[in-house]
Amino acid sequence: MSERYIWHEEDFPAEGEVAQIQAVLLTADGRVLVRIKNGEARLAGGRPELEDTSLEETLRREVLEEANVEIDKIAYLGYQEAISDLDGEEEVALQSRMVALVTEILSAQPDPDSDNTWTYGRELLPRGQATAAYVKSFGEIGQILIDLAYARAEELGYFTETRSEVAEVINPEVRDRRAHTH
């Protein structure tokens, strides 16, 4: 299976269905809260569920589950087409990308979708380090996401504290495989 991505900054297509919603998470001191999975930088977010009443609700729920942080001031950045080639059959999923302000960082918890066996790592990174981490994970789209997120955050007044250039590991990634061997 191969995958490729096409980035779009315009509005999400009216006829499109959101397969996934994820966000760049920024703090008031200008750092990015990066979720670490399998040693790589990842965005927090996930798939809408039937009980979700809005994409914002989906994002809040997923960010709480995966990164155990509370967010506010959610803003749209764009979307990407994730194109998968499954044995010659092309499948396209539309993925919404947002930016959100971290309002509270809670203690590390395992993701309930992982049978409570995987606690993702969390790091607070200054812009340059976050950009490098996202470019390594997402290529050119990682750079685009960071640039758009910071521009939107400036417009919306996210940055109310003195800017920090300090990288900080909030908690390391922990995967407890013993939970599967009952």
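Side notes on the structure shown:
- Test: Arg163 is over 16 Å from Ala41 (Cα atoms), touching a residue at least 40 places away in the same chain (Cβ under 8 Å), assigned to a helix (DSSP H, G or I) and open to solvent by 20 Å² or more (accessible area, probe 1.4 Å): no
- Positions within the stretch 28-55 being acidic (Asp, Glu) and either within 23 Å of Ser164 (Cβ to Cβ) or within 13 Å of the chain's Cα centre (by Cα) (or both), in sequence order: Asp29, Glu40
- Screening Leu145 with (1) crowded, with 20+ Cβ neighbours inside 10 Å; (2) in a loop (DSSP other than H, G, I, E, B) gives one miss only, at (2).
- Options Glu15, Glu10; residue that is part of a loop (DSSP other than H, G, I, E, B), out of contact with any Lys or Arg (no Cβ under 6 Å at 6 or more places or on another chain), in contact (Cβ under 8 Å) with a residue 12 or more places away in the chain and of a type in the set (Asp, Glu): Glu10
- Candidates in the stretch 38-60 are the residues that are at pLDDT 95 or above and of a type in the set (Lys, Arg); of these, the one that is farthest from Ala100 (Cα to Cα) is Arg42.
- Residues that are over 17 Å from Ile144 (Cα atoms) and open to solvent by 100 Å² or more (accessible area, probe 1.4 Å), drawn from the stretch 4-16: Ala14, Glu15
- Within the stretch 67-104, tally of residues that are surrounded by 15 or more Cβ atoms within 10 Å (Cβ to Cβ) and either in contact with a helix residue (DSSP H, G or I) (Cβ under 8 Å, 6 or more places away or on another chain) or part of a loop (DSSP other than H, G, I, E, B) (or both): 16
The values are calculated or read from the model by the stated rules, or taken from the named source; none is laboratory data. From a predicted model like this one, the values you see are computed outputs, not experimental measurements. Reconstructed Cβ throughout: ideal geometry from the backbone, glycine too, with neighbour counts over all protein chains shown. Accessible surface is based on the protein model in full, side chains and every heavy atom, while ligands, DNA and RNA are left aside. Shrake-Rupley method; radii C 1.70, N 1.55, O 1.52, S 1.80 Å.
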